[in-house]
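Written below as structure tokens is the structure these notes are about.
The values are calculated or read from the model by the stated rules, or taken from the named source; none is laboratory data. A quick note: this is a predicted structure, and the numbers were derived from the prediction, not measured. Here the Cβ is made from the backbone with ideal geometry for all residues, glycine too, and neighbour counts use every protein chain on show. With ligands, DNA and RNA removed, areas are computed over all heavy atoms of the protein, side chains included. Shrake-Rupley method; radii C 1.70, N 1.55, O 1.52, S 1.80 Å.
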Amino acid sequence: LTTAQLERRRLRALLMGRGLAEAMPMPFLAPGDLERSGLPDDGITIANPLVAEESVLRTSLLPGLVRALATNAARRNTGVGLWEIGHVFRRPVAADADLPDEREVLGVALGGRDAAEAVHEWRAVAEALGVTDVAVRNEVVPGLHPTRSARLVGPAGETVGALGEVDPEVLAAHGIGER
């Protein structure tokens with residue numbers, strides 16, 4: 001197995017061992033789903049989607065995970081912990097690039113838990129992957145609570161992730177009554 005495959009397997013085992021369930025949302029969103037999740041509306045629109053309600057490629061795992069929490073909340077199944085290893089798509093950085101910038105990322109959603117729990121989960125992930133040089137910096141992150149969010153910053157000052165509580169407005173927009 002490649003290093004990436006081994007890391008993915010290690011993450012899956014860790015997250016399932018911590019009582020979290022794997023979510024598998026589609027990488028396609030409806031127009032407006034990014035904004036409804038508190039994110040910039042900068043998704044890539046597909047030229048000929050199968051259905052109009054799935055015509056935007058996701059730039060974040062947040063909309064799909066929040067939608068999965070909302071589905072559970074609507075069925076009175078609260079306190080659900082979910083995770084996804086999936087692809088996100090961003091506009092290409094180079095003007096002459098033909099394809100979007102596609103990356104595999106990890107997302108974890110902890111229904112009914114606070115930002116301190118998110119930090120605790122991040123530390124478990126970092127330890128499992130042997131990551132030691134990423135700092136947790138309190139900052140405002142789109143889609144997350146303005147005072148209960150942070151960026152994960154690498155040694156060169158680059159943002160490698162984010163964590164915190166989902167913004168209460170995003171939760172309300174999805175009919176979720178828990179943190």
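Tabulated data
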| item | result |
| --- | --- |
| Residue within the stretch 150-164 that is farther than 23 Å from residue 70 by Cα and among the polar types (S, T, N, Q) present | yes |
| Residues that are of a type in the set (S, T, N, Q) and either in contact (Cβ under 8 Å) with a residue 60 or more places away in the chain or open to solvent by less than 30 Å² (accessible area, probe 1.4 Å) (or both), drawn from the stretch 72-120 | 78 |
| Where a residue in the stretch 9-20 is at pLDDT 95 or above and surrounded by 17 or more Cβ atoms within 10 Å (Cβ to Cβ) and its partner, wherever it lies, is of a type in the set (Gly, Ala, Ser) and not in a helix (DSSP H, G or I), with Cβ under 9 Å and at least six apart | 15/21; 15/81; 20/81; 20/109 |
| Residue check, residue 103 under 14 Å from the mean Cα position of the chain (by Cα), over 21 Å from residue 177 (Cβ atoms) and part of a strand (DSSP E or B) | yes |
| Boolean, residue 56 is under 20 Å from residue 174 (Cα atoms) and β-branched (Val, Ile, Thr) | yes |
| Number of positions in the stretch 150-177 that are open to solvent by 40 Å² or more (accessible area, probe 1.4 Å) and part of a loop (DSSP other than H, G, I, E, B) | 6 |
| Residue ID - most open to solvent (accessible area, probe 1.4 Å), chosen from residues in the stretch 121-149 that are touching a Lys or Arg at 6+ places or on another chain (Cβ under 8 Å) and assigned to a helix (DSSP H, G or I) | 129 |
